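Scroll down for the structure; my scribbles are underneath it.
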Amino acid sequence: MLIFKMLLGGLASLVGPVFNYLNARVDSNARIHLSDNETLSRVGSTVIAGASKADELNADIRKKEGPFSPMVVVGIVGFLAPFAWHTWQVCMDSSRWLPSYDWALGFIPYPCVSVHIVGSWRVAALPGMFETTEHAVIQSLFIGASTAATGVALLKALRK
């Protein structure tokens, strides 16, 4: 039994430092990962807080801009005005009589009605399926806007 204890003691003295070294490495790695996780958590919460503050500032800016903000004006001019102009041209080209003006005494304008040949402007005769495409673009603006608004509301709800 004494020999057995001596052999185990010798083995422990040979292998013990190796296991102590490996255990110290594992503990060191665990401390490093805990430190990294805490740092990432702090950075993530700071980023989310900054994004929330930026959203609040943007909302305040939109409130101060009022109903005719640059985004609204760009939306009207960029998307709705061409559609309205085209629709107005189609309606006018489909009419037999058009509002017009004439000159009295050569220099005084006055309103009158002019005869118009229906379809002479050829506005409604657009190439291909332009009318369908134009209406689909306008519809997609409303569909996309509601989807985007839903996504933003969902993200804000998940953030809280």
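The values are calculated or read from the model by the stated rules, or taken from the named source; none is laboratory data. Every value quoted in this text rests on a predicted model; they were computed, and no experiment measured them. Methodologically, a virtual Cβ is constructed for each residue, glycine included, from the backbone with ideal geometry; neighbour enumeration extends over all protein chains shown. Keep in mind that these areas ignore ligands, DNA and RNA; they rest on the heavy atoms of the full protein, side chains included. Shrake-Rupley method; radii C 1.70, N 1.55, O 1.52, S 1.80 Å.
Per residue of the chain, the DSSP helices (runs of n ≥ 4 H) give a summed -39500 (n - 2.57) that works out to -25500 deg cm²/dmol at 222 nm.
Placing unit charges on the Cβ atoms of the charged side chains and taking the dipole of the chain about its Cα centre, the candidate lying farthest along the positive direction among GLY106, ALA157, THR147 is ALA157.
At 4 °C and a viscosity of 1.567 mPa s, what translational diffusion coefficient does Stokes-Einstein give for the chain, taking Rh as the Kirkwood radius over Cα pairs? Give it in µm²/s as a whole number.
After rounding, the answer is 52 µm²/s.
Can you send over the solvent-accessible area of LEU2, 1.4 Å probe, protein chains only, in Å² to the nearest 10? Accessible area, nearest 10 Å²: 120 Å².
Note on surface exposure: ILE117, ILE32 rank ILE117, ILE32 by accessible area, highest first, 1.4 Å probe. Placing unit charges on the Cβ atoms only, positive for Lys and Arg and negative for Asp and Glu, gives the chain a dipole magnitude near 760 debye about its Cα centre.
If you average 1/r over all unlike Cα pairs in the stretch 1-82 and invert the result, what Kirkwood radius do you get in angstrom? About 19.3 Å for the stretch 1-82.
The solvent-accessible area of SER120, taken with every protein chain present and a 1.4 Å probe, is close to 60 Å². How much FRET efficiency would the formula 1/(1 + (r/R0)^6) give for ARG25 and ALA153, where r is the Cβ-Cβ distance and R0 is 45 Å, rounded to 0.05? According to the calculation, E is roughly 0.40. Quick check: at a probe of 1.4 Å, how many percent of the accessible area of the chain sits on carbon and sulfur atoms? On the chain, the fraction of accessible area on carbon and sulfur atoms equals 72 percent.
In the chain, which longest range has no chymotrypsin sites (Phe, Trp or Tyr not before Pro) that are both DSSP loop (not H, G, I, E or B) and surrounded by at most 16 other Cβ atoms within 10 Å?
1-67
Of the residues PRO67, ALA49, VAL26, the one whose Cα sits farthest toward the positive end of the charge dipole of the chain, with +1 on the Cβ of Lys and Arg and -1 on the Cβ of Asp and Glu, is VAL26.
When the Gaussian network model of the chain links Cα atoms closer than 10 Å, the mean-square fluctuations of HIS86, HIS33, HIS116 top out at HIS33. The residues of the chain expose on average 83 square angstrom of accessible surface per residue, using a 1.4 Å probe on protein heavy atoms.
What FRET efficiency comes out for the pair LEU40/TRP88, r = Cβ-Cβ distance, R0 = 41 Å, nearest 0.05? Using R0 = 41 Å, I get an efficiency of 0.10.
Sites listed here are trypsin sites (Lys or Arg not before Pro) in the stretch 35-117 whose DSSP assignment is loop and whose Cβ has at most 14 other Cβ atoms within 10 Å: ARG96.
Note on ASP55 and MET71: the extension gain reaches 4.1 nm, defined as 0.36 nm multiplied by sequence separation minus the Cα-Cα distance.
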